[in-house]
Amino acid sequence: MAEGLMKQMYGQRAYVQSAGVKNDMEVDGFSIAVCKELGIELSRHRSRSFEEMQEWGDDLSQFDLIVALSPASQRTALELTRFYHLDVEYWPILDPTGLGESREAKLAAYRQARDQIRDRMLARFGPPTEETT
């Protein structure tokens, strides 16, 4: 969700690449659904690990900032970047994956997480780039 939101809100203003601790899952269907509500297409995305990013040629030393959305990803980012001069920020975003019994309750939890990410982006990076809004 974060990569899709960042690209929609800020376009080409920054190079954005999402990564996680694991790469063994497709993007969650609820994430796809709540992002589609905002015109963000995630159905072709898949989760990647930090190691996979490096294998594909993304050199972590070339990044300025890593935003971690979970304690596990923060630990991994700090470990992988301990020799690089870049910032790692932790944004405590709700993990919606185990929340809600009904479809509507699950969608509400995912919307809350999506909106938390969007609000943190606005606070950190300012208003969206004009041509992307």
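The values are calculated or read from the model by the stated rules, or taken from the named source; none is laboratory data. As the structure is a prediction and not an experimental result, all values here were calculated from the model. Neighbour counts run over all protein chains shown; Cβ positions are idealised from the backbone, glycine included. To get the accessible areas, we keep the full protein, side chains included, count just its heavy atoms, and leave off ligands, DNA and RNA. Shrake-Rupley method; radii C 1.70, N 1.55, O 1.52, S 1.80 Å.
For Leu65, what charge total do you get from the other residues with a beta carbon under 11 Å from its beta carbon, if Lys and Arg give +1 and Asp and Glu give -1?
Residues close to Leu65 contribute a combined charge of -2.
Could you tell me the center-to-center distance, by alpha carbons, between the range 1-70 and the range 89-133 in angstrom?
The range 1-70 and the range 89-133 have Cα centres spaced 13 Å from each other.
Which peptide among 118-124, 48-54 comes first, and what is the full order, when sorted by highest mean count of other Cβ atoms within 10 Å?
Per-residue Cβ counts within 10 Å, averaged per peptide and sorted highest first, yield 48-54, 118-124.
If you roll a 1.4 Å probe over the heavy atoms of the protein chains, what accessible area per residue do you get for the chain, in Å²?
Each residue of the chain exposes 62 Å² on average to a 1.4 Å probe.
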